[in-house]
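Before any comments, here is the structure.
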Amino acid sequence: MLVAGTQPGLQVKDINNSWHDVSCDPGCLAINTGDMLQEASAGYFPSTTHQIINPRDNKENVSRFSMPLFLHPRDSIKLSEKYTAREYLDERLTEIGLKG
């Protein structure tokens with residue numbers, strides 16, 4: 001969950017690999033779903049690929065602030081028939097080389 005940033009820059013990628021700007025209007029809230037929610041919902045809520053870019057038309061040196069909130073289930077929560085939250089996290093950390 002992400003309260004709108006103070007400046008543009010957040011983008012999400014769609015299924016056709018196109019990037020789209022996310023609104024940063026006051027009062028907006030963005031929900032960025034991750035891999036665990038995708039697993040727990042059997043794909044109903046797909047994990048989003050996102051990035052932060054420097055706005056192309058911003059000629060001023062302006063800071064961008066955001067305040068993300070990350071939620072993680074207890075390790076013992078069963079995400080699917082295949083994984084608990086801990087098992088899923090361990091596998092992902094191993095895949096990206098943070099756990100050996």
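Which pairs do you get when a residue that is under 16 Å from GLY43 (Cβ atoms), found in region 77-100, comes within reach of a residue that is loosely packed, with under 12 Cβ neighbours inside 10 Å, reach meaning Cβ atoms under 8 angstrom, with the pair 6+ apart or on two chains?
Note: pairs meeting the criteria are SER80/ALA42.
Does ASP57 meet the test of being at pLDDT below 95, in a loop (DSSP other than H, G, I, E, B) and of a type in the set (Asp, Glu)?
Spelling it out, ASP57 is indeed at pLDDT below 95, in a loop (DSSP other than H, G, I, E, B) and of a type in the set (Asp, Glu).
Looking only at region 71-87, count every residue that is surrounded by 10 or more Cβ atoms within 10 Å (Cβ to Cβ) and part of a loop (DSSP other than H, G, I, E, B) and tell me the total.
Total meeting the criteria: 8.
Is there a residue being modelled with pLDDT of 85 or more, touching an Asp or Glu at 6+ places or on another chain (Cβ under 6 Å) and assigned to a loop (DSSP other than H, G, I, E, B) anywhere in region 60-70?
No, because not a single residue in region 60-70 is modelled with pLDDT of 85 or more, touching an Asp or Glu at 6+ places or on another chain (Cβ under 6 Å) and assigned to a loop (DSSP other than H, G, I, E, B).
State which residue pairs qualify: first residue at positive phi and modelled with pLDDT of 95 or more and inside region 30-49, second residue hydroxyl-bearing (Ser, Thr, Tyr) and surrounded by fewer than 17 Cβ atoms within 10 Å (Cβ to Cβ) in any location, beta carbons under 8 Å apart, and separation of 6 or more residues or different chains.
Filtered contacts from region 30-49: ALA42/SER80.
The values are calculated or read from the model by the stated rules, or taken from the named source; none is laboratory data. Nothing here was measured: the structure is a model prediction, and the numbers come from that model. Every residue, glycine as well, gets a Cβ built from its backbone with ideal geometry; the counts of neighbours run over all protein chains shown.
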